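Beneath this line is the structure, given in structure tokens, with notes to follow.
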Amino acid sequence: MEKNLPFILEIKEELAGYWKKINLEIDESKAEIVIDYYNSRIKVMNFIGVFEKISGILKIVAKVEKIGKIIVYAPLENIKEIETCGYVEEGTINGYYAGKDCHVFSSYPETSRGVSSNKGNEDRIIESCLRKVIITGRKLKKLDDPQKNESIRKQTENLGLPEEYRLKSAVQADASAMATLYRQEFKFYPTPLHMKSYLLKTMDSNVLYFLAEKQGTILSLASAEMDPTNKCAEITDCLTIPSERGKGLIKELIKALEMELSRRGFRSSYTLCRALSPGINAAFASLGYAYTGRLVNNCKIGNGFEDMNIWCKILKNNRSKQRIN
């Protein structure tokens, strides 16, 4: 965009058809924003100064770029000024800022984008997940026999992979097979996981990929997008091929990612998972994640925009544990 305007938009990074990462400046106010074309949204990750000024520019950019949703990540102290600008809080990410909570606000330039068409079903999925966690906890408390207690715990958490399966962190040599699998299973997805070049680039930055394989064939994948500054990570890109679903592979991958993140000194993890998917929500609930909100029509997956549930967890300090190879 033009630099002779009363504000500056400086492009820092872009991926054609997906996003532009931009530094926004107006007077003494600044913000780091992402114009996400694929999902028709703008994300504001960091800002300083007067948010009202930044908000005014965001409205202009949204109109020019035909953006349907604006999302702002902010600490507690900025809540009031964001609400004054008409934004509504949709959830929180516990421990996002090096232990401090992040509040996620949204505004909808496209009014219909702010209306969920599946709220009832999504609420029932959350209720079911939380009910199962409560029931499991009660069963464990009632047991007097430590051996039976541990037996039920292992069953409910599905600890350990079957003997013929192998868990490992992904390396560059895995990128081609990973891209093929993502291409087969994710016909529409917010990031270009189907591109080997993208996977290689993210492996070299701050994304940690873990795989579950059998006889050298990848059956399940998950990743952690790491924020070294804030010591938090997003668990994402979870996939299991249809024939292997229901075996707890994703749960084992999540636990492996958590262990490695803890070993590296990360303090918290979170995920944004599809609100209409019972399995993935149940997996995070059973692993001790807290449900902290829902982002309406947040991502374009499948045939259209989908609501995403927020699940968060404060990680244990496992710096002494060994890396999983």
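The values are calculated or read from the model by the stated rules, or taken from the named source; none is laboratory data. Keep in mind it's a predicted model, so treat the numbers as computed, not measured. Note that each Cβ is placed from the backbone with ideal geometry, even for glycine, and that neighbours are counted across all protein chains shown. All accessible areas refer to the heavy atoms of the entire protein, side chains included, with ligands and DNA or RNA removed. Shrake-Rupley method; radii C 1.70, N 1.55, O 1.52, S 1.80 Å.
Summary of computed values
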| item | result |
| --- | --- |
| So ILE67, is it under 28 Å from CYS273 (Cα atoms), aliphatic (A, V, I, L, M) and touching a Pro at 6+ places or on another chain (Cβ under 8 Å) | yes |
| Hey, SER205 assigned to a helix (DSSP H, G or I), of a type outside the set (A, V, I, L, M, F, W, C) and surrounded by fewer than 19 Cβ atoms within 10 Å (Cβ to Cβ) or not | no |
| Segments classed as strands (runs of 3 or more DSSP E), wholly inside the stretch 1-97, with at least 1 members that are open to solvent by 10 Å² or more (accessible area, probe 1.4 Å), closer than 29 Å to TRP311 by Cβ and of a type in the set (A, V, I, L, M, F, W, C) | 8-15, 19-26, 29-36, 41-48, 88-97 |
| Restricting the stretch 7-49 to residues that are in contact with a helix residue (DSSP H, G or I) (Cβ under 8 Å, 6 or more places away or on another chain) and among the β-branched types (Val, Ile, Thr), the residue that is nearest to GLU81 (Cα to Cα) | VAL44 |
| Residue within the stretch 106-126 that is of a type outside the set (Gly, Ala, Ser), buried (at least 18 other Cβ atoms within 10 Å of the Cβ) and not in a helix (DSSP H, G or I) present | yes |
| Check on THR111, out of contact with any Leu (no Cβ under 8 Å at 6 or more places or on another chain), farther than 21 Å from ASP227 by Cα and polar (S, T, N, Q) | yes |
| Looking only at the stretch 173-202, and only at residues there that are touching a helix residue (DSSP H, G or I) at 6+ places or on another chain (Cβ under 6 Å) and assigned to a helix (DSSP H, G or I), the one that is surrounded by the most Cβ atoms within 10 Å (Cβ to Cβ) | LEU199 |
